[in-house]
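Please read the structure below before turning to the comments.
Readers should treat all values here as calculations from the given coordinates under stated rules, not as data from a laboratory. Since this is a predicted model, take the numbers as computed values, not measurements. Backbone-built Cβ (ideal geometry, glycine too); neighbour counts: all protein chains shown.
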Amino acid sequence: MATKTATGLSARERLLAAANELFYAEGVHTVGIDRVIERAGVAKASLYNTFGSKDELVKAYLEVRHARMSDRVGRYLARYDAPRDKLLGVFEAQGELFAEPTFRGCAFASASAESPGPAVSQATANYRAWMRGLLTDLARQAGAAEPEVLGRQLHMVWDGASLSTRMDGSTTEAAAAARAAAETLLDAALADC
């Protein structure tokens, strides 16, 4: 069991908090392990005893981001009863993320581009499979004749909105456009039934 400090956070929790802040803001390739250790206020041995390597720390950082996104989307899904509304709620959750002042795009896309090793690839594949599976399942529940096709299309809208927000800095416009595109695709898929 991890030992807690006077701040109430274990070395693992402090390392993950520091990694999240630094990796997301500056990139996983750019940020050296010494900066994460310094920001976390732990000994170098704590990092290696806890994670074994920088690659495993990056993987854990991405897994935490995945869990946070899952929680965020889950809160939106809980607001609605109808599958159609739930599906559009996924894009409302994304819009909430875009509105955060620290939003810098998709952590998984950035990490994959900077550090395409097996640990990053696995964490990214898990996240993407979860998102596509969620969208496909919601499309199926909404009654789409081809939920896999609609799920893939909606996933592309999700990815494109994140990239557009990052590149153009247009948080509200991209979020509104993504939700509208998702609604148009969903309505078209339901009309074909």
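Residue exposure proxy: 130, 158, ordered by other Cβ atoms within 10 angstrom of their Cβ from fewest to most, comes out as 130, 158. Length gained on full extension, residue 33 to residue 176: 47.7 nm, using 0.36 nm per residue less the C-alpha separation. Taking every Cα-Cα distance in the chain and sorting them into 10 Å bins from zero, the calculated P(r) comes out as 9, 32, 31, 19, 8, 1 percent. When each of 48, 127 is scored by the number of other beta-carbon atoms lying within 10 Å, the sequence from fewest to most is 48, 127. The residue list 117, 189, 69 was ranked by how far each Cα lies along the charge dipole of region 54-191 toward its positive end, using unit charges on Cβ atoms, and 117 comes out on top. Going from the residue with the fewest nearby Cβ atoms within 10 Å to the one with the most, 97, 186 rank 97, 186.
Just tell me, in residue order, which DSSP H segments of the chain are both 27 angstrom or longer along the helix axis (alpha-carbon based) and at least 1.0 in mean Kyte-Doolittle hydropathy. Both cut-offs are met by no helix. Placing R0 at 41 angstrom, the Cβ-Cβ distance between residue 163 and residue 81 gives a FRET efficiency of 0.85 after rounding to 0.05. About its Cα centre, the chain has a charge dipole of approximately 640 debye under the convention of +1 per Lys or Arg Cβ and -1 per Asp or Glu Cβ, with nothing else charged.
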